[in-house]
Amino acid sequence: MQNQNIKQMESNVIGSFNLVKNDFYKLINLINTLQKEIEILKISNSGLRRDFSNLKQKIDEKSVKPLVKPSSKGFLASKSGEKYHNDNCFLGKKIKSINRVWFNDKINAVSEGYSACVCSI
Ligand SMILES: [Zn+2]
């Protein structure tokens with residue numbers, strides 16, 4: 001009877017061991033699959049990094065331009081308007097080139113009858 005129990009126990013242990021062994025193989029397969037996916041991700045990641053770096057370079061190239069401040073031309077007004085503007089004023093930029101009058105300084109603009117836009121106060 002005791003011998004029977006020992007054999008049963010032995011068979012249980014072997015069965016359990018086989019189950020563990022199967023799980024272990026499944027895990028190894030899973031790890032291999034994951035390693036392959038990681039390699040694929042590494043490759044696409046390096047591609048993305050290259051794309052990102054190219055994009056960043058393009059953005060950097062473009063953003064250099066606005067940083068270069070245009071040389072100041074002075075003040076401008078519309079021939080038919082009442083206000084003079086500095087050359088960066090968005091209202092001044094709306095004046096058509098053909099209607100623009102330019103002044104070296106505010107005094108000249110005022111002496112021509114123009115008053116200051118808020119951009120020039
Ligand atoms: Zn203005």
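Computed quantities for the displayed model
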{"item": "Size of electric dipole in the chain: Cβ of Lys, Arg +1 and of Asp, Glu -1, about Cα centre, debye, nearest 20", "result": "540"}
{"item": "Convex hull of Cα atoms in the chain, direction-averaged projection (nm²)", "result": "16.3"}
{"item": "Calculated [θ] (222 nm, deg cm²/dmol) that DSSP helices of n ≥ 4 give over the chain, each run adding -39,500 (n - 2.57)", "result": "-22500 deg cm²/dmol"}
{"item": "Crossing angle, helix 2-67 versus the chain [Cα axis fit, 0-90 degrees, rounded to tens]", "result": "10"}
{"item": "Choice from Ser53, Ser78, Ser111 showing the highest fluctuation, given a GNM over the chain with Cα pairs closer than 10 Å", "result": "Ser111"}
{"item": "Virtual spin-label span in nm between Arg49 and Asn99, 7 Å along Cα→Cβ", "result": "5.6"}
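Each reported figure results from applying straightforward, stated rules to the coordinates on display, with no laboratory input. Remember, it's a predicted structure, so these values are computed and weren't measured experimentally. For neighbour counting, all protein chains shown are included, and Cβ atoms are generated from backbone atoms with ideal geometry for every residue, glycine included.
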